[in-house]
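Novice: The structure that follows is given in the form of structure tokens.
The values are calculated or read from the model by the stated rules, or taken from the named source; none is laboratory data. Just so it is clear, the structure is predicted and the values come from calculations on it, not from any experiment. Cβ coordinates were reconstructed from backbone atoms using ideal geometry, including for glycine residues, and neighbour counts include every protein chain displayed.
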Amino acid sequence: MTSTETEKTQQQPHLTYRTAQPTDVPELVALVNSCYRGDASRNGWTTEADLLGGHRIDQQSMFALLENPATTILIAEIDNALVACCELQRSVNGTYFGMFSVRPTIQGIGLGRRVLAQAEHTAVQLWGSRLMRMKVIKQRTELIAWYERRGYTNTGKTEPFPYGNPALGEPKRPDLAFVELTKELSPKQPEQQE
């Protein structure tokens, strides 16, 4: 761990985790959309605003995720305020990790690393998962590198972006595609908070 990473860890606020409920949907939708799209997303480093327009998710889609028995939406809070979330979906080949969102105004202080570790731990505890997988837009090289520093590997599998599906946003370029990243999980506890 570098001295900068050590300083970030020492300055970390206390996070609490819980599973999302239907009453969380409006706030979840606002958080996810603020992280991925539009001008608000530019306050963080994980924006897709230059690649996609429109919304990342709507309330109907979020409710559908919550109703799916194979899906858990993990919420992270600081002092009962929503600061991060992610989707965990059980499948026969591990757990799918998606919709990872950390409030843009507090990105870059190490919260994402902690929430990701908790998501991995949750997948192991809930379903005995031994593999986490995700799809990331291949043009998001900085984000892919961030996941690789956390032990994820690019499998070499790609998938074309589903152009023409307005539910996934309005593409701003013709060459979008997804890459698959995976990580083997162990039953180890996530890093403890201080």
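Novice: Give the residues of segment 164-178 that are surrounded by 10 or more Cβ atoms within 10 Å (Cβ to Cβ) and without any contact (Cβ under 8 Å) to a residue 24 or more places away in the chain, sorted by residue number.
Specialist: none
Novice: Return the pairs, sorted by first residue and then second, in which the second residue is of a type in the set (A, V, I, L, M, F, W, C) and surrounded by fewer than 19 Cβ atoms within 10 Å (Cβ to Cβ), the first residue lies in segment 89-112 and is closer than 15 Å to residue 42 by Cβ, the beta carbons are less than 6 Å apart, and the residues are 6+ apart or on different chains.
Specialist: Hits for this filter: 107/45.
Novice: Which of the residues belonging to segment 150-183 are of a type in the set (D, E, K, R) and touching a helix residue (DSSP H, G or I) at 6+ places or on another chain (Cβ under 9 Å)? Before you say what the answer is, go through the steps one by one.
Specialist: So the first thing to find is which residues in segment 150-183 are of a type in the set (D, E, K, R), and the list is 150, 157, 159, 170, 172-173, 175, 180, 183.
Residues satisfying the conditions are 150, 183.
Novice: Let me ask something else. When you check residue 142 against the structure, is it of a type in the set (Asp, Glu) and either in a loop (DSSP other than H, G, I, E, B) or crowded, with 17+ Cβ neighbours inside 10 Å (or both), yes or no? Give the derivation first.
Specialist: On the way: of a type in the set (Asp, Glu): yes; either in a loop (DSSP other than H, G, I, E, B) or crowded, with 17+ Cβ neighbours inside 10 Å (or both): no.
Criteria not met by residue 142.
Novice: Another question about this same structure. In this structure, is residue 90 more than 16 Å from residue 23 (Cα to Cα) and in a helix (DSSP H, G or I)?
Specialist: Details: more than 16 Å from residue 23 (Cα to Cα): yes; in a helix (DSSP H, G or I): no.
No.
Novice: Then there's this: Just checking, which of 181, 185 is within 18 Å of residue 112 (Cα to Cα), touching a residue at least 60 places away in the same chain (Cβ under 8 Å) and surrounded by 12 or more Cβ atoms within 10 Å (Cβ to Cβ)? Write out each step before concluding.
Specialist: On the way: 181 fails: touching a residue at least 60 places away in the same chain (Cβ under 8 Å).
Matching residue, one of 181, 185: 185.
Novice: Which one is farthest from residue 68 (Cα to Cα), of the residues in segment 93-121 that are in a loop (DSSP other than H, G, I, E, B) and not aliphatic (A, V, I, L, M)? Give the derivation first.
Specialist: To start, the set of residues in segment 93-121 that are in a loop (DSSP other than H, G, I, E, B) comprises 93, 103, 107-110.
Adding the requirement that they be not aliphatic (A, V, I, L, M) leaves 93, 103, 107-108, 110.
Details: 93: 17, 103: 25, 107: 29, 108: 32, 110: 30 Å.
Ranking the qualifying residues of segment 93-121, first place goes to 108.
Novice: Now a separate question. Spot the failing condition for residue 74; the list is (1) under 19 Å from residue 136 (Cβ atoms); (2) more than 12 Å from the chain's Cα centre (by Cα); (3) surrounded by 15 or more Cβ atoms within 10 Å (Cβ to Cβ), and only one is missed.
Specialist: Of the numbered conditions (1) under 19 Å from residue 136 (Cβ atoms); (2) more than 12 Å from the chain's Cα centre (by Cα); (3) surrounded by 15 or more Cβ atoms within 10 Å (Cβ to Cβ), the odd one out for residue 74 is (2).
Novice: Also, I was wondering about something else. Could you please let me know if residue 63 is under 14 Å from the mean Cα position of the chain (by Cα) and modelled with pLDDT of 95 or more?
Specialist: Considered against the rule, which asks whether it is under 14 Å from the mean Cα position of the chain (by Cα) and modelled with pLDDT of 95 or more, residue 63 comes out as no.
Novice: Which condition breaks for residue 40 when tested against (1) under 24 Å from residue 182 (Cα atoms); (2) touching a Ser or Thr at 6+ places or on another chain (Cβ under 8 Å)?
Specialist: (1)
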